[in-house]
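The values are calculated or read from the model by the stated rules, or taken from the named source; none is laboratory data. Keep in mind the model is a prediction, meaning the values are calculated, not measured. Please note: Cβ atoms are built from the backbone with ideal geometry, for glycine as well, and neighbour counts cover all protein chains shown. Surface areas here come from the heavy atoms of the whole protein model, side chains and all, with no ligands, DNA or RNA. Shrake-Rupley method; radii C 1.70, N 1.55, O 1.52, S 1.80 Å.
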Amino acid sequence: MVPRATVLHVDDDPDLLEVSAFSFDQAASDELEMVTASDAVTGLDTLESQSIDCLVSDSLRLPDDTPFIVAARQRDPSIPIVFYTAKGWDTVALDALEARVSEYIRKGDEGDIAAVIERVRELAKQNQTPTIDEEMLFDDRPCDAVEEAVDTFPAESVNDAWTVIGVHDWEVDDELGTTIAQVMEAYTGIDALEAKPLFSSLDMDALDSLLEPRASETPRYDIQVRFPYEEWELSVSSDGFVSVRPLPETDAE
């Protein structure tokens, strides 16, 4: 008899955990065994004390503000993670990237529990973790491609959405400043050679040092730098996304 895979579901909603455990038992009791945890600390303790084949987790944080899924990935580099949360993708994308989640499923979407069970079935007995990369993050999201992404960049926005206009690849592209200038010219039509200097108020060496990957080659997902240019506000993140939005109008003439 093939042993059942063990799934850990971590969520701070006890009713959801009860529904989840019942649904897994009904749909896949011969394949999967579920254990649950109602907070991030207990979830991490469970990962350290038991053999877990797949993790299903809400967007929770440890007392030191570390995202639970990031701590789980640090504890186990290969465990598949199904990120199952009610939070929108734009608010959790950076945590998901850093944790190298295998799947993101939105709570409340039609068939969400069934989708979680089906994905866990696929992942639980695999020997390696299939992870989402930056380009895959935008598949089936509110945009067609990274360059045309709207409302997916995880920067604060009150009235105007950010539009991702390019991505800087730290391993391939020569200079961050060149990438920014090129994608801005392509997006706005402003000739970089004739227009106002793009980086007149920025120290590009300092910007590179701030945003580039650490010595371990892991990007610093929690850093964003914003600055104005003409009628635009630019935002550059440590995962390489270059985004723009119109500067807010003022009454000044």
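For the pair E231 and A115, how long in nm is the line joining their label points, each one 7 Å along Cα→Cβ?
3.8 nm
With each pseudo-label sitting 7 Å past Cα toward Cβ, what's the R4-T66 distance in nm, one decimal?
3.1 nm
Excluding S78 itself, what net charge comes from residues whose Cβ is under 11 Å from its Cβ, given Lys and Arg +1 and Asp and Glu -1?
+1
How fast does segment 13-102 diffuse by Stokes-Einstein, in µm²/s, taking the Kirkwood radius from C-alpha pairs at 37 °C and 0.692 mPa s?
For these conditions, the coefficient is 241 µm²/s.
Considering only protein heavy atoms and a 1.4 Å probe, what is the carbon-and-sulfur percentage of the accessible area of segment 1-89?
Reported share for carbon and sulfur atoms: 47 percent.
List the relative contact order of segment 60-102 as a percent without decimals, with contacts defined as Cα pairs under 8 Å and 6+ residues apart.
Normalised by residue count, the contact order of segment 60-102 is 45 percent.
Could you run the Debye sum over the Cα atoms of segment 37-80, one equal point scatterer each and no solvent, and tell me log10 of I(q)/I(0) at q = 0.19, 0.26 Å⁻¹, two decimals?
Per q value, in the given order, log10 I(q)/I(0) is -0.49, -0.95.
Non-local amide H neighbours of Y104 (under 5 Å, H modeled in plane, Pro and chain starts lacking H): which ones?
F83
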